[in-house]
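The values are calculated or read from the model by the stated rules, or taken from the named source; none is laboratory data. Quick caveat: nothing in here was measured; it's all calculated off a predicted structure. Reconstructed Cβ throughout: ideal geometry from the backbone, glycine too, with neighbour counts over all protein chains shown. Surface accessibility is based on the protein's heavy atoms, side chains included, excluding ligands, DNA and RNA. Shrake-Rupley method; radii C 1.70, N 1.55, O 1.52, S 1.80 Å.
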Amino acid sequence: MDPVRNPYAPGAGQRPPELAGRGKQLDAFDVVCERIARGRPERSVMLTGLRGVGKTVLLNQLRSAAGARGWGTGKIEARPDQELRRPLSSALHMAARAIAKTHSNSERVDDFLGILKAFALRATADKGMRERWQPGIDVPAVTGRADSGDIEIDLVELLTEAAGLAADIGVGIAIFIDEMQDLAPVDISAICGACHELSQDAAPLIVVGAGLPHLPAVLSASKSYSERLFSYHRIDRLDRESADLALIAPAEREEVKFSDEALAALYRKADGYPYFVQAYGKATWDQAPGSPITAEDVEVAAPTAEEELAVGFFGSRYERATPAEREYMRAMADLSGDEGPVATAAVATELGRKPASLSPARDGLIKKGLIYSAERGTIGFTVPHFGRYLRSVTT
Ligand SMILES: Nc1ncnc2c1ncn2[C@@H]1O[C@H](COP(=O)(O)OP(=O)(O)O)[C@@H](O)[C@H]1O
Ligand SMILES: [Mg+2]
């Protein structure tokens, strides 16, 4: 059918034509915002899951929901080797600008911006970016708060000020952090510390994070109280009904239908993973001669979808690995059967090596975000069906 009208959207962070099966998380977030606005204690929210399950698009959706309430919002995508201070100041600047629109006391807004600027100016230059960086805040810096240079102290002070500004007009601030597992340990620790302080004062500011399945382990390694500080939402595969809806609803708007067998075949292929739902949906649409889309159309289109996934979803990640890291993942793939974490000791046995000699490969893969360790002594792929993919490529 007409590829121009193809509604499906495979791609990292691509807004899906229908955000299916996330009603529970959206409702829970509504309650969190409502409670915070009323000065009730609430925990910050953490979304965790494998790659391609829809964490980024859900995070963006939650951000719109907060924005629609008049809250100030800002978003960061954490990257390894990047200091938090600079992106956080941009995110808070954006949040403050939204609040400034309705805040009647411009002096107070400017005072906050001055503190924010002083905070931002404490950022040390990034590697390879030695030129003086300007935070783009056109008020003079106000020194003495949030500018000690110790991120743990500065963050509490800064976020307390930000929350105060929001509280003036009865709203809140939500800071969204994607790929949160990539933050440096000092920054993780500072965020936990600040959330801890702010929640004790029922200050209207929350952090909403998204990350890989080991994010809870990263947080609790930093602060033991983090388990009670955050409410964790595991974002997972869609159930059959939601996966069907993700396909049917956008097609209906184009007056296209699916046969029941086509939907069953698509669910078998995509296994409920949102990225795969979009990828198979897209390829099937392009291949199908007309409505209704049949199971045969799905079969004809599947190789195209698989090829695109092999290049765009799996291959691009595989290519980032060194030969030693690839060998490590191959062993994992052979052991894992299909999904699920395996024991690191078993990988060593499989490769006939001493576990310690494999640490560089394992750590490299964790740093590259290809594998994760949520529990001591185990390791899993961050990408669903990655084991299956690796077994299908010849080395
Ligand atoms: N609830 C959903 N329903 C349908 N498609 C979704 C849903 N969530 C995500 N997707 C699709 O899945 C793909 C991956 O989403 P993304 O948010 O980038 O995942 P993650 O951040 O977990 O890696 C995108 O193509 C997106 O359109
Ligand atoms: Mg993402």
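Just a few scattered comments:
- With respect to the conditions (1) modelled with pLDDT under 90; (2) touching an Asp or Glu at 6+ places or on another chain (Cβ under 9 Å), ARG130 lacks only one, and its number is (2).
- In the stretch 43-63, the residues that are at positive phi reach residues that are within 9 Å of ligand 2 (Cβ to nearest atom) and at pLDDT below 95 with C-beta atoms within less than 9 angstrom, at least six apart or across chains, in these pairs: GLY52/ALA12.
- Per-region count, the stretch 249-260, residues more than 18 Å from ALA302 (Cα to Cα) and part of a helix (DSSP H, G or I): 5
- Residue count for the stretch 49-69, restricted to those that are outside any loop (DSSP other than H, G, I, E, B) and either crowded, with 18+ Cβ neighbours inside 10 Å or within 13 Å of ligand 2 (Cβ to nearest atom) (or both): 10
Conditions tested, residue by residue: (1) farther than 21 Å from ILE371 by Cα; (2) of a type in the set (Val, Ile, Thr); (3) away from ligand 1 (no atom under 16 Å from the Cβ).
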| position | (1), (2), (3) |
| --- | --- |
| TYR267 | yes, no, no |
| THR284 | yes, yes, no |
| PRO292 | yes, no, yes |
| GLU327 | no, no, yes |
| LEU335 | no, no, yes |
| VAL347 | no, yes, yes |
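- Residue within the stretch 234-248 that is open to solvent by 20 Å² or more (accessible area, probe 1.4 Å) and assigned to a strand (DSSP E or B) present: yes
- ALA279 vs. criteria buried (at least 18 other Cβ atoms within 10 Å of the Cβ) and either among the acidic types (Asp, Glu) or over 28 Å from the mean Cα position of the chain (by Cα) (or both): no
- If you filter the stretch 249-272 down to residues that are of a type in the set (A, V, I, L, M, F, W, C) and free of Cβ contacts under 8 Å to residues at least 40 places away in the same chain, you find that the one that is farthest from GLY49 (Cα to Cα) is PHE258.
- Flag for PRO185 being open to solvent by 20 Å² or more (accessible area, probe 1.4 Å), in contact (Cβ under 8 Å) with a residue 12 or more places away in the chain and in contact with a Phe, Trp or Tyr (Cβ under 8 Å, 6 or more places away or on another chain): no
- Residue match in the stretch 36-48 (condition: at pLDDT below 95 and assigned to a helix (DSSP H, G or I)): yes
- Every residue from the stretch 217-237 that is away from ligand 1 (no atom under 16 Å from the Cβ) and either at pLDDT 95 or above or under 17 Å from the mean Cα position of the chain (by Cα) (or both): ALA217, VAL218, LEU219, PHE230, SER231
- Residue check, ALA295 of a type outside the set (Asp, Glu), within 19 Å of ALA249 (Cα to Cα), touching a residue at least 40 places away in the same chain (Cβ under 8 Å) and in contact with an Asp or Glu (Cβ under 6 Å, 6 or more places away or on another chain): no
- Elements of type helices (runs of 4 or more DSSP H) in the stretch 283-395, at least 1 residues being of a type in the set (Val, Ile, Thr) and open to solvent by 20 Å² or more (accessible area, probe 1.4 Å): 295-308, 344-351, 359-367
- Yes/no for ASP260 being at pLDDT 95 or above and within 22 Å of the chain's Cα centre (by Cα): no
- Residue within the stretch 137-145 that is in a loop (DSSP other than H, G, I, E, B), of a type in the set (A, V, I, L, M, F, W, C) and more than 20 Å from ALA100 (Cα to Cα) present: no
- Evaluation of PHE29 against (1) open to solvent by less than 20 Å² (accessible area, probe 1.4 Å); (2) among the hydrophobic types (A, V, I, L, M, F, W, C); (3) modelled with pLDDT under 95 (one fails), failing number: (3)
- Filtered residues of the stretch 261-282 (kept if of a type in the set (Asp, Glu) and in a helix (DSSP H, G or I)): GLU261
- In the stretch 70-99, the residues that are touching a Lys or Arg at 6+ places or on another chain (Cβ under 8 Å) and within 16 Å of ligand 2 (Cβ to nearest atom): LYS75, PRO80
- Residue tally, condition away from ligand 1 (no atom under 14 Å from the Cβ) and open to solvent by 80 Å² or more (accessible area, probe 1.4 Å), over the stretch 1-26: 3
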